[in-house]
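S.K.: Take a look at this one; I'll ask things after.
The values are calculated or read from the model by the stated rules, or taken from the named source; none is laboratory data. Predicted, not measured: the structure shown is a model, and the values here were computed from it. Positions of Cβ are generated from backbone atoms using ideal geometry, with glycine treated the same way; all protein chains shown enter the neighbour counts. In case anyone asks, the SASA skips ligands and DNA or RNA and just uses the protein heavy atoms, side chains included. Shrake-Rupley method; radii C 1.70, N 1.55, O 1.52, S 1.80 Å.
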Amino acid sequence: MQPRMPRMLQLAHGKVAARHLRSTLGARARAATTTSAAAGASGGSQEQQQQQQHHQQSGYSLGALLATGVVGLAGGVALSNADAHSRQIRYPPAQLRACCEAPISEDQKQLASKLSDVVGSGNVRQHYSQKGSRLGRGTALAHVSPGTLEEAVKVLELCTAANVAVLPQGANTSLTGGAVPRNEALDRPTVVLCLRRLNKIMPIDDGKRVLCFAGAGIYDLKEKLEKEYHRDSHSVLGSIFLNPTVAAGVAYGSGGTQIRKGPSWTERALFAKVKSDGSIEIVNTLGLKDGGDAIKFLDGKTELKPEDIDQKSKGACSWPDYGKTVRAYNESSVSRSNADTTGLECCRSEGKVMILATMHDTHVIPEKTQLVWVACSDFQDAHELKRKVALRGEDCMSKTCEYMNKEVYNGVDRAGRILVKMIEIVGMQRLEPLWNLKLLIETIPLPFTNIICDKFLWWFNNIIPHPLTPELRSLGTEFEHHLLMELSEYSPGEVDRLRGALDEFVATRPAGSIKYEVLEGKPANRANLWRFVVAPAFRTYCIGVGLPGLSIDYALPKNFREYPTLPEEQYPINKRWVYSHFGCNVYHEDLVFEPQVDVEHAKHDIKHAVEGTGGRLPAEHGHGTEYKAPKAMQDRWKKSDPLNVMNPGVGGTSSYKDYADRPCHQCK
């Protein structure tokens, strides 16, 4: 956030400028008068008098010039005030601050040149400014994109030797600020190690499993498996239209929408970590016959054959029996959270190790699917419907069960229509470059660049025809609570059994209190997009109405069936957008506050309120710079990264080298 010029300083600056303008114009006017008088005293020539008369007729008067200057000055001050005010509102970009700046060593000055020797000069950008998808902004000493696993490891070695902080990055879709540089919080420069070019996807066992390099996009993976193997990928997230990377899903434990699959998790991985002596250790549990050098082996492969797989390796490639976990809905435990330390240290590592490749199970694509939009008057009915229908049994449960309240429906209607239409027009694969362009524009240090894109989205949203059917629009305006359930034929007759269970449940409730629509084809696709664009629509909404906002995600106990009670008297809430991976009882809340609310103070009290219910924060977006991780998770990260080279400061840990309490350079 850029500092705002104090009001008194602005006024003083304006007065000085006005005095300078009056002085300059007055001097020019006096000079012109003196010249005219001198010409009159000497009689002057007729030609001189004509030239003077022409100048007086065609030139601007002193009053006009003064008026123009005053208007321009007032406009400039007003523009500065408006821009400064907009940057003070949390939309919600947040930036950490430190007491002083770290000096740049000679090794750090030469680092970009050394990195270019490894990956090529076209894949290194110096002094690269970057903004997070929702939070964070900073400038890296270098942004480097290796093209092979070997290059990635070599880059990490050079960065460690130069004593810089290293930030592994995928598609920069993180929502909690942990994926972009944080200059003022660190005692060292940062190098962003972007793994996007490492995008190999190599199916195994006729597509039943798949090995993905770190930079492979989950949308690309989904498309490849569907087209070539008629299989479903391991992870489908709400942000899939931005094509987040497979490795990022593992690093955050992203859960996604599909309640049969569970969070992105594996025991088969290849990753690098920095040891206490500064050397790089490669950890390999992939289970390949790689001759002892997995890096060289995989860099040389374009596909994997049965003889490349070590059949003795039995590590799981997905979370074991997640469907059974979510169906235990009377338990007081949560289904999943970012603080779960189960499994390899690369799982939920949040950048404390550099993931290079992972192996995942794929899933059968059901022969038949139906999307059902269910509208309920009562939140308790929505919960009971989830239990009686979506989580009915092992051989009869929905593929997805998503929730959103009426505030979400109205908010997307006001700020998300245009994004739904853009996805339809350009397709998911082409949306990522446009999104990155938006983030780039928001980093330009000019007035209003941080909000102009969202302002345009807000202004032009309502010229887009409503994408939902008239029946869904009627449900959206009539009911407070909405479920999107995808019913799928994983076993013979399963869709019909689920529809029968839904009808049976509706019949037990008062007439008209629950209504539903069955969707297929384009209406179904648009309904899913309506749910998926909520997160970007929220920022557009806050900027459109000029109010501060806060986004949180949390997992509630599986037996908890209410909204958490928030301290609204202390922090007045204008709008409360609640949406959820309902089958898992994992929630996202986007809160629009009244103008006077201090969002930073509100954030901490609201998190305590959620924890008071037995909830865990965060659930799947990662701790980033927004959440303090529990001690067990912090201790795990410190063990993985003892020198604090990788993504320092994440989850409330120290930002300084060796996890020190203060910068290693001299504070003054």
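S.K.: Scan 512, 500, 521 and give me the residue that is modelled with pLDDT under 95 and loosely packed, with under 14 Cβ neighbours inside 10 Å.
M.R.: Criteria check complete, one pass: 521.
S.K.: Examine segment 344-354 for a residue that is in contact (Cβ under 8 Å) with a residue 12 or more places away in the chain, buried (at least 22 other Cβ atoms within 10 Å of the Cβ), in contact with a Lys or Arg (Cβ under 6 Å, 6 or more places away or on another chain) and of a type outside the set (Lys, Arg), and state whether such a residue exists.
M.R.: Yes - at least one qualifying residue is present in segment 344-354.
S.K.: Where the second residue is exposed (fewer than 11 other Cβ atoms within 10 Å of the Cβ) and the first is without any contact (Cβ under 8 Å) to a residue 60 or more places away in the chain and lies in segment 288-308, which pairs have Cβ atoms under 9 Å and are six or more apart or on separate chains?
M.R.: 289/307; 297/291
S.K.: For residue 161, all conditions in the list (1) touching a strand residue (DSSP E or B) at 6+ places or on another chain (Cβ under 9 Å); (2) open to solvent by 10 Å² or more (accessible area, probe 1.4 Å) hold save one; what is the number of the exception?
M.R.: Single failed check for residue 161: (1).
S.K.: Pick from 571, 627, 563: which is surrounded by 19 or more Cβ atoms within 10 Å (Cβ to Cβ) and at pLDDT 95 or above?
M.R.: Selected residue: 571, the only one of 571, 627, 563 that is surrounded by 19 or more Cβ atoms within 10 Å (Cβ to Cβ) and at pLDDT 95 or above.
S.K.: Here's a follow-up. Would it be correct to say that residue 425 is surrounded by fewer than 21 Cβ atoms within 10 Å (Cβ to Cβ), β-branched (Val, Ile, Thr), assigned to a loop (DSSP other than H, G, I, E, B) and out of contact with any His (no Cβ under 8 Å at 6 or more places or on another chain)?
M.R.: no
S.K.: Sort out which residues of segment 220-246 are open to solvent by 10 Å² or more (accessible area, probe 1.4 Å), at pLDDT 90 or above and assigned to a helix (DSSP H, G or I), and write them in order of number.
M.R.: Result: 220, 222, 223, 224, 226, 227, 228, 229.
S.K.: On to the next question. Which of the residues belonging to segment 390-407 are over 23 Å from the mean Cα position of the chain (by Cα), over 13 Å from residue 329 (Cα atoms) and surrounded by 19 or more Cβ atoms within 10 Å (Cβ to Cβ)?
M.R.: Across segment 390-407, the qualifying residues are 396, 397, 398, 399.
S.K.: Continuing with the same structure: Does residue 188 satisfy the criteria of being at pLDDT below 95 and farther than 21 Å from residue 627 by Cα?
M.R.: yes
S.K.: Condition test on residue 215, is it in contact with a Lys or Arg (Cβ under 9 Å, 6 or more places away or on another chain), of a type outside the set (S, T, N, Q), at positive phi and outside any strand (DSSP E or B)?
M.R.: So residue 215 fails the test.
S.K.: Considering only segment 545-552, I want to know if a residue exists there that is touching a Phe, Trp or Tyr at 6+ places or on another chain (Cβ under 9 Å), under 17 Å from residue 627 (Cα atoms) and in a loop (DSSP other than H, G, I, E, B).
M.R.: The answer is no; no qualifying residue exists.
S.K.: For the subset of segment 574-603 comprising residues that are of a type in the set (Lys, Arg) and part of a strand (DSSP E or B), which member is surrounded by the most Cβ atoms within 10 Å (Cβ to Cβ)?
M.R.: It comes out as 575.
S.K.: Taking only segment 285-303 into account, find how many residues are of a type in the set (Gly, Ala, Ser) and buried (at least 17 other Cβ atoms within 10 Å of the Cβ).
M.R.: 2
S.K.: What is the number of the single condition among (1) farther than 30 Å from residue 407 by Cβ; (2) open to solvent by 30 Å² or more (accessible area, probe 1.4 Å); (3) in contact with a strand residue (DSSP E or B) (Cβ under 9 Å, 6 or more places away or on another chain) that residue 369 does not meet?
M.R.: So residue 369 meets the others, but not (1).
S.K.: Considering 188, 137, 125, 182, which residue is without any contact (Cβ under 8 Å) to a residue 40 or more places away in the chain and under 29 Å from residue 450 (Cβ atoms)?
M.R.: Every option except 125 fails the conditions.
S.K.: In addition: So residue 639 fits all but one of (1) part of a loop (DSSP other than H, G, I, E, B); (2) farther than 30 Å from residue 330 by Cα; what number is the exception?
M.R.: Residue 639 satisfies all of (1) part of a loop (DSSP other than H, G, I, E, B); (2) farther than 30 Å from residue 330 by Cα except (1).
S.K.: Only one of these conditions is not met by residue 621: (1) in contact (Cβ under 8 Å) with a residue 60 or more places away in the chain; (2) touching a strand residue (DSSP E or B) at 6+ places or on another chain (Cβ under 9 Å); (3) open to solvent by 40 Å² or more (accessible area, probe 1.4 Å); (4) not in a loop (DSSP other than H, G, I, E, B). Which number is it?
M.R.: If we test residue 621 against (1) in contact (Cβ under 8 Å) with a residue 60 or more places away in the chain; (2) touching a strand residue (DSSP E or B) at 6+ places or on another chain (Cβ under 9 Å); (3) open to solvent by 40 Å² or more (accessible area, probe 1.4 Å); (4) not in a loop (DSSP other than H, G, I, E, B), just (4) comes out false.
S.K.: I'd like to verify a number: residues in segment 458-476 that are polar (S, T, N, Q), part of a helix (DSSP H, G or I), touching a helix residue (DSSP H, G or I) at 6+ places or on another chain (Cβ under 8 Å) and surrounded by fewer than 19 Cβ atoms within 10 Å (Cβ to Cβ), how many?
M.R.: Count: 1.
S.K.: Right, something else. Might you check whether a residue that is within 24 Å of residue 246 (Cα to Cα) and surrounded by fewer than 20 Cβ atoms within 10 Å (Cβ to Cβ) occurs anywhere in segment 110-122?
M.R.: The answer is yes, given that some residue of segment 110-122 is within 24 Å of residue 246 (Cα to Cα) and surrounded by fewer than 20 Cβ atoms within 10 Å (Cβ to Cβ).
S.K.: Identify the single condition in (1) surrounded by fewer than 16 Cβ atoms within 10 Å (Cβ to Cβ); (2) modelled with pLDDT under 65; (3) over 29 Å from the mean Cα position of the chain (by Cα) that residue 73 does not satisfy, given that it satisfies every other one.
M.R.: All conditions pass for residue 73, except number (1).
S.K.: Among the residues of segment 373-389, write down those that are surrounded by fewer than 22 Cβ atoms within 10 Å (Cβ to Cβ) and either within 18 Å of residue 486 (Cβ to Cβ) or without any contact (Cβ under 8 Å) to a residue 40 or more places away in the chain (or both).
M.R.: Correct list: 387, 388.
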